[in-house]
Amino acid sequence: MARLKEIPSFLLGEVKLMNPYNTKEIERIEKKWQKAWEQKQVFKTGEEKDRPKFYCLEMFPYPSGKIHMGHVRNYTIADVIARFKLMQGYNVLHPMGYDAFGQPAENAAIKHKSHPAEWTYRCIDQMRTNLKRMGFSYDWDRELATCDKEYYRWNQWIFLKMLEKGLAYKKASSVNWCPSCETTLANEEVIQGQCWRCKNNVIQKDLEQWYLKITHYSEALLEDLQKLNQWPSRVLAMQENWIGKSYGVEIYFQMVKTGERLPVFTTRPDTIFGATYVVLAPEHPLVKSLVAGTDREKDILEFVEKAGQMSKSMRMSGDLRKEGVFTGQYAVNPVNQEKIPVWVADYVLMDYGTGAIMAVPTHDQRDFLFAREHALPMRIVIQDPERPDLRVEDMTEAYEEEGVQVHSAQFDGMTNEEGKSKIAQWMEKEGMGRITVYWRLRDWLISRQRYWGTPIPVIYCPSCGIVPVPEDQLPVELPEDVQFTGEGGSPLSQSAGFVRVSCPQCGQDARRETDTMATFFDSSWYYLRYISPRDTGRVFDKEDAAYWMPVDQYIGGIEHAILHLLYSRFFTKFLKDLGWISFDEPFDRLLTQGMVLKDGEVMSKSRGNTVDPDAVIAKYGADTLRLFILFAAPPEDQLEWNDHAIDGSWKFLSRVWNIVHNKHHPVDEQYSFAALPGDAKELEQERNFSIKKISEDISQGFKFNTAISQIMILMNRMEKFSVEDQPVRQAVLNKAIETTVLMLAPLTPHICEELWQKMNGAEESVSRVPWPSYEEGSLIKDVILMVAQINGKLRAKFEVPADMPEDELKDMVLADETIQRHLAGKPVKKFIVVPEKLINIVV
RNA sequence: GGGCAAGUGGUGGAAUGGCAUACACGCAGGACUUAAAAUCCUGUGACCGCAAGGUCGUGUGGGUUCGACUCCCACCUUGCCCACCA
């Protein structure tokens, strides 16, 4: 009964029983063909390497239970592409798996006093059942789950290779810590100061942790974005911003008191003559020594402590009020030997640049606000050439536009654009600084203090230090003897059998690493494992990878635009350097599908506005659900779920069902296009045009919605067409019906298999029948519709022979009564003819 | 503050320089029916008009063009992403 309540009223009951394509029949057909596909291994990946390949990949799901509409949309889009390519004769690789490690499994284990593996594998079973019910064309023999030890051993292998190459390293630093998840987080996992998973505020904590040196590939990760011309531009923009390359100058200030050198980074060397103070981040290592023993020491240290206690989100949130204190010390500006005050303020961040800045309040809004608040001096060094009388007293905000250098010694009068490079070069030559590049991208923190992940395969030995687990001892398996209480820190550290180990090098008592890897590690290379998922001796088969990779089409949500896609690109570059692959980028073409909305809001459990795909299938079947999802919006746009509109998709499929059963009658009759009578010729023309349009719509931009509408147009015409007991007309209609079923096959495979079999008695799956082709000659029309405009306004329409010469056309149009009336005797200035489209008369 | 999308009937959407609103949903009317459901047919941007027909109309204001939903400039609104990044 509880389950009934969850099902919205529009899904109760069955579709109309009077209709032959009814709920019971649909269920029968879909079950029948799903079974047949499995038994005959219809979607087993081909071994023929001489055929052109197509690797169709969708982002694998986190197995949290039932699939939701977002999955259905993602995987339906991918399935149509995979099936379309199969019919076009490609050797298709279309795998599915589960991103199965992660916190929800561990939380479920704590709650139910069980084991994360239990919950995870139960969810996987549920998900597999759901996916199969959708009729997706996966090669199930390649299914994988990242929590299988046969998968994660290769995580460990890759990690060890990175360790060997110096790309995995351990360091102590201030890290992002989620108090609720009790674990560290990567920068990419902190969204506006909050944990990406649980949304709690993230705090900073000093810990020693494992990092991957993704910054080793900063330049390549940025540069190679140019190769990804089949990725959405917004994803490219997001990655570019995240990598964040800034050209600038590191300028060396000198502390008056200690003589120490203080490098600051700026992208605006043209404003150096306007620097009126210097600011250090509260965490800057120079702060303590600078104020030691001065009367300001107490105040400063108090401020530093206060800033340190604030979480990143608090520090960055709200009104952006800038707090700071004067250190009582001064630094020398190298370009003019000016002594300027040194401040400590929380608007300067330690983890970017050098952790110190030169402040130019006149030309930087943040510095301007801080300077106004603390009554610090200002000096204008860039003037607006339009109104060159800007004065500090009149300023209400910083002047950040382009302009001309003033008060800048020998650089006065230059445009600041010129000043930027001239000043930078001069400073470098004089030893006052160096031209350099700073990146926003940070190394990737992968240690997690959780159980349900890949154990990091290292051992700590009192004598040998950090010792990698030898390859032949992989995998380091997760221990079973662990209690999930949610207390006392990392569960692995409580398993004595796991922690205590002898050193692989010297044999003495040692300790295992108890942190596990971030789950994004697992998903950074799974597309390679699909290539040889059962290979027990290697991470993947090199030769097979050379054939299948890169992925031709990747489909998934925009939420992975930075994290997963950036990490995967990093892994690809690393594996290339290792000599395992020879390409630079893993995903050739990327499609980010839009979200599924209901009542204008994203469909989600927390909003309580979800529609269960399974309940929709129970009433309408998978084919109707697939068709609706594809028809309602272009794949990249948001999709507004409509309880009523799904009925329309079902109705259309029943029309297809009925036309095959009622109007398709085999005849032994050949026909030639040219000899066909009028409306039969038109139907044949529409059929050919439909093949052309639908093929283009699917292959150029996945416009399934317009492809479907063209099938509907063809359908409407077929239903109006009357055979009149003539075998030729029957043959034309048969051909159109068969073509319709073939073109629908990738979209609604179950019904099409059934209808194809009915029409042909064929044994072969419709998914292996070649995609229909069209005749250019059958597209040419004898009579075309021309529209006539006067001054761009539509006035009349003419049906004319396609080959009518222009001057005849002109005479005809000008002689027309309606045209004459609108011309009202005005002289014709111009007569424009757009062939096969329109005529515009300018008066 | 920066970046990227998008703005079209009652609704989802189509048209990327050439008939604005294809296709569908919804709605209205009709046929069939004792009745309903299902199915089929017709209509459906707004305004004026009995009609023929006309005027207006793709967020707003300009521009380019014989012709603009489409291209250019400015602005408004919404969504998403990033953000004291020096």
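Tabulated results
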read-out: Selection count, segment A:166-183, where residues are hydroxyl-bearing (S, T, Y) and either assigned to a loop (DSSP other than H, G, I, E, B) or within 24 Å of the chain's Cα centre (by Cα) (or both); value: 1
read-out: Qualifying residue in segment A:824-833 (condition: modelled with pLDDT under 85, outside any helix (DSSP H, G or I) and either in contact with a Ser or Thr (Cβ under 8 Å, 6 or more places away or on another chain) or among the acidic types (D, E) (or both)); value: no
read-out: Residue, nearest to A:G328 (Cα to Cα), within segment A:255-296, restricted to residues that are touching a Phe, Trp or Tyr at 6+ places or on another chain (Cβ under 9 Å) and of a type in the set (S, T, Y); value: A:Y277
read-out: Residue within segment A:384-393 that is outside any loop (DSSP other than H, G, I, E, B) and either over 28 Å from A:E260 (Cβ atoms) or over 39 Å from the mean Cα position of the chain (by Cα) (or both) present; value: yes
read-out: From the options A:L441, A:L492, A:L474, residue that is surrounded by 15 or more Cβ atoms within 10 Å (Cβ to Cβ), under 37 Å from the mean Cα position of the chain (by Cα) and over 29 Å from A:L57 (Cα atoms); value: A:L492
read-out: Residue within segment A:128-141 that is surrounded by 19 or more Cβ atoms within 10 Å (Cβ to Cβ) and over 30 Å from A:P749 (Cβ atoms) present; value: no
read-out: Lone unmet requirement of (1) more than 25 Å from the chain's Cα centre (by Cα); (2) assigned to a strand (DSSP E or B) for A:M162; value: (2)
read-out: Complete set of residues in segment A:523-558 that are in contact with a Phe, Trp or Tyr (Cβ under 6 Å, 6 or more places away or on another chain), among the aliphatic types (A, V, I, L, M) and without any contact (Cβ under 8 Å) to a residue 60 or more places away in the chain; value: A:L528
read-out: Residue list for segment A:235-259, restricted to those being touching a Ser or Thr at 6+ places or on another chain (Cβ under 8 Å), more than 19 Å from A:V551 (Cβ to Cβ) and not polar (S, T, N, Q); value: A:I243, A:K245, A:Y247, A:G248, A:V249, A:E250, A:I251
read-out: Some residue of segment A:111-123 being under 17 Å from A:P746 (Cβ atoms) and among the polar types (S, T, N, Q); value: no
read-out: Where A:I555 falls short, out of the listed (1) touching a Pro at 6+ places or on another chain (Cβ under 7 Å); (2) modelled with pLDDT under 95; value: (1)
read-out: Number of the exception - A:L565 against (1) closer than 20 Å to A:Q553 by Cα; (2) surrounded by fewer than 21 Cβ atoms within 10 Å (Cβ to Cβ); value: (2)
read-out: Residue ID - surrounded by the most Cβ atoms within 10 Å (Cβ to Cβ), chosen from residues in segment A:738-768 that are free of Cβ contacts under 8 Å to residues at least 60 places away in the same chain and farther than 25 Å from A:T706 by Cα; value: A:Q757
read-out: Entirely in segment A:629-738, the helices (runs of 4 or more DSSP H) that have 3 or more residues that are within 14 Å of RNA strand B (Cβ to nearest atom), more than 25 Å from A:L86 (Cα to Cα) and in contact with a Phe, Trp or Tyr (Cβ under 7 Å, 6 or more places away or on another chain); value: A:645-663
read-out: Helices (runs of 4 or more DSSP H) contained entirely in segment A:219-338, each with at least 3 residues that are touching a helix residue (DSSP H, G or I) at 6+ places or on another chain (Cβ under 9 Å), at pLDDT 85 or above and more than 15 Å from RNA strand B (Cβ to nearest atom); value: A:286-291, A:297-309
read-out: Restricting segment A:772-820 to residues that are among the acidic types (D, E) and touching a residue at least 24 places away in the same chain (Cβ under 8 Å), the residue that is farthest from RNA strand B (Cβ to nearest atom); value: A:E775
read-out: Qualifying residue in segment A:715-727 (condition: under 24 Å from A:I751 (Cβ atoms), at pLDDT below 90, in contact with a helix residue (DSSP H, G or I) (Cβ under 7 Å, 6 or more places away or on another chain) and hydrophobic (A, V, I, L, M, F, W, C)); value: yes
read-out: Residues located in segment A:658-691, provided they are under 19 Å from A:A707 (Cα atoms), among the hydrophobic types (A, V, I, L, M, F, W, C) and crowded, with 19+ Cβ neighbours inside 10 Å; value: A:L683, A:I691
read-out: Residues being closer than 24 Å to A:M549 by Cα, within 18 Å of the chain's Cα centre (by Cα) and among the hydrophobic types (A, V, I, L, M, F, W, C) - total across segment A:34-93; value: 7
read-out: Residue list for segment A:455-498, restricted to those being touching a helix residue (DSSP H, G or I) at 6+ places or on another chain (Cβ under 7 Å) and more than 20 Å from A:C147 (Cα to Cα); value: A:P468, A:T485, A:G486, A:G488
read-out: Residues of segment A:500-547 satisfying the condition of being β-branched (V, I, T) and either surrounded by 14 or more Cβ atoms within 10 Å (Cβ to Cβ) or touching a Ser or Thr at 6+ places or on another chain (Cβ under 9 Å) (or both); value: A:V501, A:T514, A:T516, A:T519, A:I531, A:V539
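Residue-wise test of (1) surrounded by 13 or more Cβ atoms within 10 Å (Cβ to Cβ); (2) in contact with a Leu (Cβ under 9 Å, 6 or more places away or on another chain).
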{"position": "A:K205", "(1), (2)": "yes, no"}
{"position": "A:E219", "(1), (2)": "yes, no"}
{"position": "A:K227", "(1), (2)": "no, no"}
{"position": "A:E240", "(1), (2)": "yes, yes"}
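The values are calculated or read from the model by the stated rules, or taken from the named source; none is laboratory data. Only a predicted model underlies this, so the values are computations on that prediction, with no experimental measurement involved. Methodologically, a virtual Cβ is constructed for each residue, glycine included, from the backbone with ideal geometry; neighbour enumeration extends over all protein chains shown.
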